[in-house]
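Everything on this sheet refers to the single structure shown next.
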Amino acid sequence: MASIEYQGIKFSGGKFFIILSLIGAIIGGGWTGYKFYDDYLDMKAKIEEYTAPDLSKYDEEIAVLKSELDIILDEITIISDVARDMRSDMKADLRQQANDIRHITEIVNDVEDRQKEDTREVFDELKLIEESLDLQINKALNNPLSNMSAKTK
């Protein structure tokens, strides 16, 4: 086996491999640390150079849209109030019409009742006139001076 001697210390193949691996790990760790630190410095520089984008244009557009939306909501509220008032007015009108129809129906029924009563009275009077006329005709016909005779019932 090969061995290496350095300042009086002998290193055989296994120890040499371990030392070489340890040295590689230390160098790799140092390199990784350096890269992290370098990335940190780059990131720090970018953060310090960062300026926030100008969003004022979007803020203005949002404000305009909000004001337009408020106007639309106000108009919708007005339309809703008008519709509610119209509905209330229509209900009141319908109730009034129903009351008017009831009143007109009562008047028509009263007129019909009066007409029926008047018709009965007229028929009753016609009957009385007819009976009176029959009596007068019978009297006239039974009058001995008229030389006529009527059949009596």
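The values are calculated or read from the model by the stated rules, or taken from the named source; none is laboratory data. In this text the structure is predicted, and so the values were computed from the model without any measurement. Because the Cβ atoms are built from the backbone with ideal geometry, glycine has one as well, and the counts that use them run over all protein chains shown.
Looking only at residues in the range 16-48 that are over 27 Å from E5 (Cα atoms) and of a type in the set (V, I, T), which one is modelled with the lowest pLDDT? Per the stated criteria, the residue is I47.
Tallying residues that are assigned to a helix (DSSP H, G or I) and in contact with a helix residue (DSSP H, G or I) (Cβ under 8 Å, 6 or more places away or on another chain) within the range 134-150 yields 2.
Here the condition is being in a helix (DSSP H, G or I) and more than 59 Å from the chain's Cα centre (by Cα); of E131, E112, E106, it holds for E131 alone.
Any residue in the range 46-62 that is surrounded by fewer than 10 Cβ atoms within 10 Å (Cβ to Cβ), outside any loop (DSSP other than H, G, I, E, B) and of a type in the set (A, V, I, L, M)? The answer is yes, given that some residue of the range 46-62 is surrounded by fewer than 10 Cβ atoms within 10 Å (Cβ to Cβ), outside any loop (DSSP other than H, G, I, E, B) and of a type in the set (A, V, I, L, M).
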